[in-house]
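Please treat every number below as a calculation from the coordinates, not as lab data. Remember, it's a predicted structure, so these values are computed and weren't measured experimentally.
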Amino acid sequence: MARLSETQLATALKSLSGWTAENGEISKTYIFANFVAAVAFVNRLANLAEPAGHHPDIDIRYNRVRISLTTGDDGGVTDKDIGLAAQIDIVA
């Protein structure tokens, strides 16, 4: 899968609320009511990521979950990352 150009990435991010691009990845922080809700979200996310074979970086800080996506084999953000980001927003 080809890495998105800066223009393609900017266009794709317009369809994703709250996602930003920096240092060759896209990321978003989700805020939940408490730790249990944050972990439940991560478990739902795992059920998306595992079958897709595309695993985000996940940072949990009590009720905040930061998700980062990049396609390492392609050296940056691809359509695969944009698609998974959209799916993550749905399960959030």
**Asked** In the chain, which whole DSSP H runs stretch at least 24 Å along their own axis (Cα) and average -1.0 or higher on the Kyte-Doolittle scale?
**Response** 35-52
**Message:** 5 Å is the cut-off here: which amide hydrogens, built 1.01 Å from N in the peptide plane, fall below it relative to VAL77, excluding neighbours closer than 5 in sequence?
**Reply:** LEU4, THR71
**Residue among LYS28, LYS14, LYS80 with the largest mean-square fluctuation in a Gaussian network model of the chain, springs linking Cα atoms under 10 Å** = LYS14
**Request:** Pull out the extension gain between ASN23 and GLN8, defined as 0.36 nm times the separation in residues minus the alpha carbon to alpha carbon distance; nm, one decimal.
**Result:** 3.8 nm
**Request:** Compute the Rg/Rh shape ratio of the chain: radius of gyration over Kirkwood radius, all on alpha-carbon atoms.
**Result:** 0.96
